[in-house]
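We did not get these values from a lab; they are worked out from the coordinates using the rules stated. What you see is a predicted model; the values in this text were computed from it and never measured. Here the Cβ is made from the backbone with ideal geometry for all residues, glycine too, and neighbour counts use every protein chain on show.
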Amino acid sequence: MSKNNVVIKNGVRFEIAKYLNKVAPKCTKVVIITDNNVFLHYEADVVASLERAGITVKTFVMQAGEKNKNIDTYTAMINFVADAKMSREDVIIALGGGVVGDLAGFVAATYMRGIKVIQMPTTLLACIDSSIGGKTGFDLPQGKNLIGAFHQPSAVLIDLETLKTLPKEEFQNGLGEGIKYAFLIGNGMLELLKEGLDDGNLLDFVTRCVDYKLDIVNRDEKESGLRKLLNLGHTLGHAIEKESNYTIPHGLAVTKGTLCVANASVKCGKLQKQVYLDAIDVCKKYDLDYTISYDIKTLLKNIQMDKKMHSDGDISFVDIEGVGNCVVRTTSIKVLEEYLTK
Ligand SMILES: NC(=O)c1ccc[n+]([C@@H]2O[C@H](COP(=O)([O-])OP(=O)(O)OC[C@H]3O[C@@H](n4cnc5c(N)ncnc54)[C@H](O)[C@@H]3O)[C@@H](O)[C@H]2O)c1
């Protein structure tokens, strides 16, 4: 996906028609997929922009929450899109956080074997992570994101103004992925987080995360190698989410997973202790509980269902060699357990 198709701009929600026309000039109908919270804040702005340009708009509103990222919601969505008689020229707009983005992206990937989707992320997590890269899908009772497809968005339109209405805990959740990026990218990202994100540096922070992810995804779209780096903190993170029965949100679980790996890396003498302490300072600053209250062994047992498991029983996880220097390792669960519990 070209960098030109990602726009990060305050108020971009009022100019959707302009960008829609660029990526889908023959589009006459749009289905907006959103959730009940985002709907109240931003749906009318997007609709107004599209209707001014003569586009017919219909909106599907899902109930917010990870528990609804399931097959029933998917079925309701795709029926809605079919009832709206969307053609292959028409476009789905995903207006919301990662839950909306993943589901709407999968509807776009599967309706008529694939129509265009524009991602309009409205959470910090979705802005810096889930809206970029084309991973779409939903959860099964057996595990997260077990149904899915790669389907690149035609455009990602990021309106940072929308983050103003984000509840504090959702901003914190996004920072969880933000800390992951700080370890992956290096280059002062942790320091930036330590200073504190504000109106002055949020654009810089989001842009750097987006650029990093785009670069990785463009080199390894289907996650055959390099893209696995983006899973830093996720091996354990997914297990923590599941063990908590999804009461611990994704981003926070990723923070816990990332800090656990960072701690192991410090103990092995690979990562400077000060960096780990800086990351803890960031967690404290934003009130992020980075501790893990579950037994690591139990968590790793649950990873058996995780997609990162290889057929020979080995597992991929991302290790931290230093800030801006992370590597993908493949190891047995036993060795990983020893590493993380040293
Ligand atoms: N596709 C990917 O590459 C990828 C990457 C990371 C995470 N994810 C997925 O993302 C999901 C988590 O996404 P999320 O953290 O954005 O959660 P979310 O989509 O559930 O949104 C969190 C909450 O914030 C509300 N909200 C969203 N934007 C708002 C706004 N601007 N103002 C007020 N309220 C707002 C939502 O209604 C919801 O209640 C998980 O399902 C995870 O698996 C996907």
Given a Förster distance of 25 angstrom, what is the FRET efficiency for Ala53 paired with Ala149, based on the Cβ-Cβ distance and rounded to 0.05?
0.30
Extension gain, Val7 back to Arg329 (0.36 nm per residue minus Cα-Cα distance, nm)
112.5 nm
How far apart, in nanometres, would the label points at Gln142 and Glu321 be if each is projected 7 angstrom from Cα along the Cα-to-Cβ direction?
3.6 nm
How far is helix 234-243 tilted, in degrees, relative to the longest principal axis of the Cα atoms in the chain, given as a value from 0 to 90 rounded to the nearest 10?
80 degrees
Can you give me the angle between helix 71-83 and the longest principal axis of the chain, using Cα atoms only, in degrees from 0 to 90, rounded to the nearest 10?
20 degrees
From Cα pairs below 8 angstrom and at least 6 apart in sequence, can you work out the relative contact order of the chain, rounded to a whole percent?
15 percent
How far is helix 98-110 tilted off the main Cα axis of the chain, in degrees rounded to 10, range 0 to 90?
60 degrees
Compute the distance in nm between two label points, each set 7 Å from the Cα along the Cα-to-Cβ direction, one at Asn36 and one at Asp281.
4.3 nm
Between Arg113 and Lys18, how high is the FRET efficiency from 1/(1 + (r/R0)^6) when r is the Cβ-Cβ distance and R₀ = 22 Å? Nearest 0.05.
0.20
Please compute the length gained on full extension between Asn218 and Lys297, using 0.36 nm multiplied by the number of residues separating them and subtracting their Cα-Cα distance.
24.9 nm
Range of Cα positions in the chain per principal axis (Å), largest first
62, 44, 34
Average Cα contact separation per residue, region 168-341, under 8 Å, 6 or more apart, as relative contact order %
28 percent
Region 3-165, relative contact order in percent, only Cα pairs under 8 angstrom and at least six apart counted:
27 percent
